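The structure appears right after this line, and notes come after that.
The values are calculated or read from the model by the stated rules, or taken from the named source; none is laboratory data. Only a predicted model underlies this, so the values are computations on that prediction, with no experimental measurement involved. When we count neighbours, we look across all protein chains shown, and the Cβ atoms used for this are built from the backbone with ideal geometry, even at glycine. Protein only, heavy atoms only, side chains kept; ligands, DNA and RNA dropped before computing areas. Shrake-Rupley method; radii C 1.70, N 1.55, O 1.52, S 1.80 Å.
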Amino acid sequence: TYALSGDVQVDDVYLGGELTGGKAGRGSENKVPFVAAVSLTPEGHPLYTKMAPVPGFTIQAIASWAASDLTPGCQVTSDGLACFAGVTQAGCQHTAIVVGSRKPKDLPEFSWVNTVLGNLKTSFGGAYHAFDFAKYGTRYLAAFAYRFNRRFHLDRIHNRLLVAAVAIGPRPERWLRQ
């Protein structure tokens, strides 16, 4: 696996939607929290993305995520959600830009993470009509990130997928269905 480095934009996101008769918004039983992060080139263009479910948006959950997905010393920019201060526990620098009531289009500091999230939601809406977010969300996020991170090397993507499949070795059906 790899870790993001350099300038990194992060955001808190939820997979899923309101269940009929259930709670709306962040309290919905069908929503799964995850962190979306995009590393940028020195020119400010998106390079790689990482998307990972988290148990919740707490400082400890973000610190644990940052320790595995970010390179110490990287510069993380977040929307000011208090939990993102946890990236400093992983040795990262943190800049919080309080969003307030501004719309994503009015936030150039987060343009790439918002664009990637828009592409993710469009991809899910076009390809999947319903799935169990809590059970399969990690796999769908990983598949999206895999394609995004290899978009400049499309001529090698099939070979890399084959190498990854061979390297993991045989797995029982129950593992595949997890």
Nearest-0.05 FRET efficiency for LEU161 and ASP106 at R0 = 41 Å, using Cβ-Cβ distance, is 0.60
What is the distance in Å between the Cα centres of region 139-178 and region 57-96? 27
In the neighborhood of GLY80, defined by Cβ-to-Cβ distances under 15 Å, what is the net charge if each Lys or Arg adds +1 and each Asp or Glu adds -1? -4
Connecting every pair of Cα atoms under 10 Å apart in the chain and solving the GNM, the largest mean-square fluctuation among ALA134, ALA145, ALA52 falls on ALA134
Quick one: with all protein chains in place, what share of the accessible area of the chain is carbon or sulfur, to the nearest percent (1.4 Å probe)? 57
Computed helical MRE - 222 nm, the chain, DSSP H runs ≥ 4 contributing -39500 (n - 2.57), nearest 500: -10500 deg cm²/dmol
Among the DSSP beta bridges whose two residues both lie in the chain, what percent are antiparallel, rounded to the nearest 5? 65
Taking every other residue with Cβ under 15 Å from the Cβ of HIS158 and scoring Lys and Arg +1, Asp and Glu -1, one gets +4
Over the chain, what per residue volume does the convex hull of the Cα atoms give, in whole Å³? 144
Between the modelled labels at LEU154 and ALA96 (7 Å from Cα along Cα→Cβ) the distance in nm is 4.1
Provide the packing ranking of 74-87, 108-121, i.e. peptides ordered by the mean count of other C-beta atoms within 10 Å per residue, highest first. 74-87, 108-121
